[in-house]
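Data first, discussion second: the structure below is written as structure tokens.
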Amino acid sequence: MGLRTWVEELAALHLLQVQAQALIDMAKRFAAELGYTPSTTREAIQALRREGVINDAEARLLKSIAGFRNIVVHEYATVDMRLVRRLVEEREYSKPVVLAAKLLEEAHKRGIDP
């Protein structure tokens, strides 16, 4: 693998990690604004699902994004770079963007200033 490919893969990994963290932070903040006190991402996701902010498929997506972020942050050596390449090549990174836009829209509908 050349330096360019290596640098691009690490850049993609970092961007996916930042994207995941931003979405997790949005979910936790939204749950808190709804009156919940989530101490974990899972609790925030459950609160958003319970309140009808997200559906089951979106909850599963958010859980998988959080899991990916945890692997990147806490178990760096086990990151499967084939997965990172697939996420980029198949433009899977757009799914968290769509979910973030939905969270923002739902927050505005409920009078919450995120």
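Please list, ordered by first then second residue, the pairs with beta carbon atoms under 6 Å, 6 or more apart or interchain, first in region 17-41 and closer than 16 Å to residue 58 by Cα, second not in a helix (DSSP H, G or I).
Listed pairs, sorted by first residue: 28/38; 31/38.
Residue check, residue 112 against (1) free of Cβ contacts under 8 Å to residues at least 60 places away in the same chain; (2) outside any helix (DSSP H, G or I), all met but one. Which one?
In the conditions (1) free of Cβ contacts under 8 Å to residues at least 60 places away in the same chain; (2) outside any helix (DSSP H, G or I), residue 112 misses (1) alone.
Throughout, read-outs are computed from the coordinates displayed, never taken from laboratory work. In this text the structure is predicted, and so the values were computed from the model without any measurement. Note that each Cβ is placed from the backbone with ideal geometry, even for glycine, and that neighbours are counted across all protein chains shown.
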